[in-house]
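Input: a single structure, listed below in structure tokens.
What follows draws every value from the coordinates through simple rules; no lab data is involved. Please read these numbers as outputs of a predicted model, since none were measured by experiment. Glycine gets a Cβ as well: all are built from the backbone with ideal geometry, and neighbour counts include every protein chain shown.
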Amino acid sequence: MNIETLLQKLGIEIKSRGLNGYYSISCPFSGRHKNGDKNPSFIIWEDRKIAAKCYGCGLVFGSMDELFTSICKEKGIEGFEDIVEAVEFYVPPPAKLVTSVENVVLLDETKNMDLAFSKNTEVSKAYLKGRGIDQDNLPFDIYTDKRNKRIVAAIRNRDGSLVGATGRNMLNKGHYHYFGVVTGSSLLGLERNQADRILLVEGMTDLLNAYCKLSQLGWLDRYDVYSTLTCNMTAWQKKILVEEDRPLFLGWDCDEAGLSARKKHLPHLKDSLIGVRDLRWKSSKIDFGNMSTDQLEFLLK
Ligand SMILES: [Zn+2]
């Protein structure tokens with residue numbers, strides 16, 4: 001039995017459904033609302049850390065067991081324990097939510113990545129190959145979120161500790177950040193900090209393609225690639241780049257957004273860093289995500 005059937009059996013009407021086991025219903029605890037929660041504000045999630053929350057009266061339920069036991073109690077229904085136990089709930093990966101301005105280390109890091117995702121699969125390899133990226137060239141692991149059809153990269157601190165992960169859907173190209181990571185307080189790739197220079201790119205694909213091409217050129221010791229995960233820069237990211245104190249090669253896209261972000265951030269970077277080189281090219285169709293090895297070599301020379 002699934003949640004929908006169970007709600008039906010309890011006589012609860014589902015007002016709307018969303019992706020990944022999301023349901024909205026009128027709050028079953030209607031006594032807590034002035035007009036019985038006519039506009040449904042009670043949300044149930046199958047794949048979150050909490051099971052349900054009412055945005056009207058503030059009730060929160062940590063688990064499905066707790067939620068359905070309380071509903072049965074509220075409605076004076078008996079004998080539903082067996083049914084509740086028979087429900088097959090989706091069990092989310094044991095990742096912990098970490099949200100803080102400063103980076104916080106996730107507990108049990110390898111377990112989190114390895115339990116939540118599959119490592120270096122043929123699926124991600126084939127997908128990346130289609131984008132001109134050879135997974136075997138990458139000096140770090142690529143994960144696959146099979147359920148949500150995403151390729152996933154770990155986001156780490158300087159010391160290699162895990163702070164989150166970022167994924168890209170292989171079908172619709174949408175992005176998703178895992179484990180509650182605050183992207184503005186992280187830089188994808190930061191754990192790699194041995195090379196002479198830093199190459200800063202926008203997105204995850206940019207970073208993967210850059211690493212693939214640098215590896216082909218034998219230049220992995222020349223550039224560490226970091227991604228801001230957007231073409232913008234937070235004060236935290238700027239602080240880290242200044243602390244790194246290495247020449248910075250800025251490789252954000254050369255589209256309108258990338259050029260205006262440069263205007264905003266370059267002056268300050270140039271003031272604070274020993275060397276900043278703004279990498280620009282004419283066609284906005286080229287970016288680090290699709291650049292060929294030759295183009296990269298030419299640009300960095
Ligand atoms: Zn409520």
Compute log10 of I(q)/I(0) for segment 179-273 with the Debye formula, placing one identical point scatterer on every Cα and leaving out solvent, at q = 0.13, 0.16, 0.21, 0.23 Å⁻¹, to two decimals.
-0.41, -0.63, -1.09, -1.29
With at most 11 neighbouring Cβ atoms within 10 Å, loop GluC sites (Glu not before Pro) (DSSP) excluded, longest segment of the chain:
103-301
For segment 27-37, 3J(HN,Hα) per residue [Karplus equation, 6.51 cos²θ - 1.76 cosθ + 1.60, θ = phi - 60°, Hz, x = Gly/Pro]:
4, x, 9, 5, x, 7, 10, 4, 10, x, 6
If you wrap a convex hull around the C-alpha atoms of segment 3-86 and split its volume per residue, what is the figure in Å³?
87 Å³
Among all the aspartates and glutamates, which ones have a C-alpha under 19 Å from Lys9's C-alpha, if same-chain residues fewer than 8 places away are not counted?
Glu46, Asp65, Glu66, Glu74, Glu78, Glu81, Asp82, Glu85, Glu88
For the residue pair Asn290 and Ile50, what label-to-label distance in nm results when each label sits 7 Å from Cα along the Cα-to-beta-carbon direction?
4.3 nm
Over every pair of different alpha-carbon atoms in segment 113-300, take the mean of 1/r and invert it; report that Kirkwood radius in Å.
16.6 Å
Cα to Cα, under 24 Å, and not fewer than 8 places away if on the same chain: which lysines meet these conditions relative to Lys49?
Lys15, Lys73, Lys96, Lys111, Lys119, Lys146, Lys149
Relative contact order of the chain, defined on C-alpha pairs under 8 angstrom at six or more residues apart (%)
11 percent
Where a Cα-Cα gap under 22 Å defines reach, which lysines qualify for Lys263, not counting those fewer than 8 residues away within the same chain?
Lys238, Lys239, Lys282, Lys285
Counting helices only, and only those DSSP H runs with n ≥ 4, report the 222 nm mean residue ellipticity of the chain as the sum of -39,500 (n - 2.57) divided by its residues, in deg cm²/dmol to the nearest 500.
-9000 deg cm²/dmol
